[in-house]
Amino acid sequence: MEVDKAGPGGLRPSARTGALLVLLWAFGFFGLFWGAFAVLLAELSRALGLSPGPLGFALFVGAMASILAMALLGWMADRLGRRAFLLVSGGVFGAGIAGLAATDGYAILLVVLTTLYAASGLYDVGINAAAVDLEQGTGRRRMPVLHATFSGGGVVDALSAGGLLSAGLDYRYVYLLVLVPLAVVILMVATVRLPPPTEEREEMTKAGRFGLYRNLPLLLVAAIASWGCSRRGRWSTGPASTSASPSRSPRSSEPRGAPSFTPRWLWGGWAPPGW
């Protein structure tokens, strides 16, 4: 598709429509995944025998990986181009989703969530950068519709994932089903030409790669998330015990041989009572 400089916003109507359809599907899939992820998280935690502590820490590690990936590698969306950037981040995102279906231990879960969240953050950067290009290339606001599609996708797949689980489908297969719309996204991105960045946008990207670190509100949120996740619950990575004698300590109620630990290293040797 060629740019028609004489047309509205500098793009041919077919180019605008094609790019909009790609982004609608890309944002919709993003919502689909996170809607399913929220529903399936309890099943994943139960299958691995995780208590809230290690699960919260694993999610915290993933969130930090996402922030760091966006801060350190987000600039590559401009260097590589939107298509290549989305193909790479989408491919790694898919590998992370498949990893959730294959995870059978806590150490593997940490690696999978780190990969998944980092790729998710980069994918997020890519689709939003492409959406900004579309808005600037057409002169029309598209972000409200695209983000509404993301939210709608989350609702649809949360309900769908819950229905599939209720029907008896293993949660691992639900993760694998989510790969189908992602494959469609990758195919569409590979075949449909997205609008290029405007000259104004290209000038903005020269301001620097690490401006995110100067965003004090974001850093504050990250610090609060770190503190909150580190305080969450008692940590155990073995199957949860359903009963315990009042005379026994909470830790003694765990199955023999189940690894358990408390994040004392996060507090310089101090842990809240009961940990």
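G126: among the small types (G, A, S), at pLDDT below 95 and more than 14 Å from the chain's Cα centre (by Cα), yes or no? Criteria not met by G126. Where helices (runs of 4 or more DSSP H) fall entirely within the range 12-104, those with at least 3 residues that are surrounded by 20 or more Cβ atoms within 10 Å (Cβ to Cβ) and out of contact with any His (no Cβ under 8 Å at 6 or more places or on another chain) are at 13-48, 52-73, 82-102. Going by the conditions given, is G126 surrounded by 20 or more Cβ atoms within 10 Å (Cβ to Cβ) and either in contact (Cβ under 8 Å) with a residue 24 or more places away in the chain or of a type in the set (A, V, I, L, M, F, W, C) (or both)? Criteria met by G126. If the condition is being free of Cβ contacts under 8 Å to residues at least 60 places away in the same chain and among the polar types (S, T, N, Q), then the range 23-80 contributes S45, S66. Checking each residue of the range 223-230 against the condition of being at pLDDT 55 or above, under 30 Å from G53 (Cβ atoms) and assigned to a helix (DSSP H, G or I) gives at least one match. Looking at the range 130-147, is at least one residue of a type in the set (S, T, N, Q), in contact (Cβ under 8 Å) with a residue 12 or more places away in the chain and touching a helix residue (DSSP H, G or I) at 6+ places or on another chain (Cβ under 7 Å)? Yes, the conditions are met somewhere in the range 130-147.
Residues that are of a type outside the set (G, A, S), exposed (fewer than 14 other Cβ atoms within 10 Å of the Cβ), within 18 Å of the chain's Cα centre (by Cα) and assigned to a helix (DSSP H, G or I) do occur in the range 158-181, at least one of them. Being in contact (Cβ under 8 Å) with a residue 60 or more places away in the chain and under 24 Å from S51 (Cβ atoms) holds for only one residue in L116, L165, and it is L165. Residues in the range 136-157 that are buried (at least 17 other Cβ atoms within 10 Å of the Cβ) and assigned to a helix (DSSP H, G or I): Q136, G137, T138, L146, T149, F150, G153, G154, D157.
The values are calculated or read from the model by the stated rules, or taken from the named source; none is laboratory data. Bear in mind that the values here come from a model prediction, so they are computed numbers and not experimental data. Reconstructed Cβ throughout: ideal geometry from the backbone, glycine too, with neighbour counts over all protein chains shown.
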